[in-house]
Every structure is written in C-alpha cells, then in structure tokens.
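Take a look at the structure below.
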Amino acid sequence: MKPIMNSSLVIILSTFLSVILTISTFPLGYFSPDWIFLVIIYWIIAVPNMYSFFVIWFIGIITDVAVGSTLGMNALIYVFLSFIIKKLYKSLRYFTVIQQGIIVLVLMILKITFLLWIDAMLITDMYSVSMYWTTLTSALVWPIIFFSLRHLRRRYNIT
C-alpha cells in the first residue's frame, strides 16, 4: 500500500531540504554542490508543471537570502535556466543519468558564468572563478539527487 501524501507537499519538503543542505554544506565553500538548483532541475524534468516561474523566482530569492548574495541574482538565473530546462524536458527525460549529469554540468557552468558576469557588473566582488568547482561537484552529486527524488516521486505517485 502506497502512503498518501500531497504531491505538492513532497516537492515543497524536498525543496526545503535542499535549502537546509545548502546552508549545512557552507563549510565546504566552493566545493559544495548547488543542492537547490539540482532539486529544481529534477522536479522540472520529472513534473514540469509543478514549478511555475514565480515559484522558481521565489526559491531564487530564498537562495539569495540563504547564501547572502545580492537579492535577485539567483532568482534571475534560476528563472532563465528553468525556462531552458522546461523547453528541453521531454528530451532530457530520455537521457541516461550520466548524460543528464553532463547537461547539469553545462547548466551549472552557465549559472556560474552568469553569476560572475552580474557580480562584475555590480562590482561587488562576492564571487570568484573558484566557484566553478561547484559545477563539478553538482554534476557528481546529480545521480544521488536523481535516484533519491525519483524514489520519492514513485513512492508518493507524483505525476
């Protein structure tokens, strides 16, 4: 018998857990994966209509507050990259986890590049080129995120 839980609640809790993971892995510095963006990527691929662009923007604002960056930077980048993922989600579903990990690597490189670009325009010097380590660790963690969230999705029959 499958447990009964609202699918929105499972997605909200997994997103909240990703924020907690982001905060708890601060000591890793730039070697910490971008947990929040990985969860967003998974849920867009699995259930593309569950996250609206407003919700993604709001998650980006929460990320900005959690990591202490300029308000709106992550929100803007999350919405932009989520738009790309939503356009490609039908093909991304048929990729293997390794191929998806490569796509995650490319998306993370775009994200970091945009963050560095915006940071340079604002002249805040909050970020450095060392942030590209996050792209590698995020791509390596992707299979764990993928299989964990897929297990949740199947267990709670989220469609």
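Key figures for this structure:
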| read-out | value |
| --- | --- |
| Under the Karplus curve 6.51 cos²θ - 1.76 cosθ + 1.60, θ = phi - 60°, whole-Hz ³J(HN,Hα) for the range 66-78, x wherever Gly or Pro sits | 5, 9, x, 8, 4, 4, x, 5, 5, 4, 4, 5, 4 |
| Angle between the chain longest axis and helix 97-122 axis [Cα atoms, degrees, rounded to 10] | 30 |
| Relative contact order for the chain, counting Cα pairs under 8 Å that sit 6 or more residues apart, in percent | 31 |
| Global geometry of the range 26-65, whether rounded, prolate or oblate, following the gyration tensor of its Cα atoms and the 1.5 cut on a/c | oblate |
| Rounded to 10°, Cα long-axis angle of helix 132-155 versus longest principal axis of the chain | 20 |
| Average accessible surface area per residue within the chain, 1.4 Å rolling probe, Å² | 55 |
| Carbon/sulfur fraction of accessible area - the range 87-159, other protein chains in place, 1.4 Å, % | 67 |
| Packing-based order for 87-100, 25-38, using average beta carbon neighbours within 10 Å, highest first | 25-38, 87-100 |
| The range 46-159 - convex hull of alpha carbons, volume per residue in Å³ | 108 |
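The values are calculated or read from the model by the stated rules, or taken from the named source; none is laboratory data. Just so it is clear, the structure is predicted and the values come from calculations on it, not from any experiment. Positions of Cβ are backbone-derived with ideal geometry, glycine not excepted, and every protein chain shown enters the neighbour counts. Heavy atoms of the whole protein, side chains included, go into the accessibility calculation; ligands, DNA and RNA do not. Shrake-Rupley method; radii C 1.70, N 1.55, O 1.52, S 1.80 Å.
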